[in-house]
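Working notes for the structure below.
The values are calculated or read from the model by the stated rules, or taken from the named source; none is laboratory data. These numbers come from a predicted model, not from an experiment. Methodologically, a virtual Cβ is constructed for each residue, glycine included, from the backbone with ideal geometry; neighbour enumeration extends over all protein chains shown.
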Ligand code: NAD
């Protein structure tokens, strides 16, 4: 098991879903976790778990991210988990979806990396984990134009950061899940108007026969934090969807 004792880990979008499961998994592995999100009510549910402290952080704000880095100081592990899913093809996505998806799925990661990477470089140690998806440059998925475009950008960003800092003690990896059971997935299923059919359709596209759990993705994030010979790769965890 990965031992992260003595490591500090900041996670964005940690109030629910994969982010919350990751906060718990990193804490179990011994890390001191700073779990951040914009949802104070949900964050309160994980505050007080051994090893976890929480903090409000809106990753859409340059100022908030810069202030967080000043107040928190250097971290060893940065898990950029925040992201949003928009429905629609290139022709029928809504006005503003692509800009918003770029801001939250891509530029927010740039903000946190710019804020926390200098501290990692000073200590010549750091792990950056970026949340992508198989719906990216890895697989064409219907009705996910803005999402897939931005999650592909996350893979480009991950490789660029990995290449720039591979000799400076920094590793940067991406996680590419298939479908994972999270609160926002439940919202998307309900929004279809036929929950049971939508759920069955999502399950049917995962050859393993079920949707993934946030805990399974969290385990991969912890593994990557301790995996000292990998950087710049897209780590697929998708129940065989792309195999
Ligand atoms: P989720 O969508 O259920 O929760 C998202 C969290 O992000 C919420 O707690 C929300 O408050 C927070 N958030 C929203 N805007 C924010 C902001 N501006 N600043 C900080 N936090 C903010 O969680 P999930 O489904 O586990 O998704 C987490 C990540 O995993 C996302 O990047 C998503 O794209 C990616 N992902 C999810 C799936 C899936 O099927 N669930 C599959 C592949 C990739």
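Quick notes
- Selected residue (only one of 78, 70, 91, 60 is closer than 14 Å to residue 13 by Cβ and either without any contact (Cβ under 8 Å) to a residue 40 or more places away in the chain or within 9 Å of the ligand (Cβ to nearest atom) (or both)): 60
- Considering each residue of the range 48-57 in turn, none proves to be in contact (Cβ under 8 Å) with a residue 60 or more places away in the chain and touching a helix residue (DSSP H, G or I) at 6+ places or on another chain (Cβ under 8 Å).
- Qualifying residue in the range 55-75 (condition: under 30 Å from residue 140 (Cα atoms) and surrounded by 21 or more Cβ atoms within 10 Å (Cβ to Cβ)): yes
- Applying the criterion of at least 2 residues that are under 18 Å from residue 238 (Cα atoms) to the helices (runs of 4 or more DSSP H) found wholly in the range 80-176 leaves 145-165.
- Qualifying residue in the range 194-210 (condition: assigned to a strand (DSSP E or B) and buried (at least 16 other Cβ atoms within 10 Å of the Cβ)): no
- Leading residue by the ranking (nearest to the chain's Cα centre (by Cα)) among those in the range 117-135 that are crowded, with 24+ Cβ neighbours inside 10 Å and within 16 Å of the ligand (Cβ to nearest atom): 131
- None of 93, 109, 1 is surrounded by 17 or more Cβ atoms within 10 Å (Cβ to Cβ), in contact with a helix residue (DSSP H, G or I) (Cβ under 9 Å, 6 or more places away or on another chain) and modelled with pLDDT under 95 except 93.
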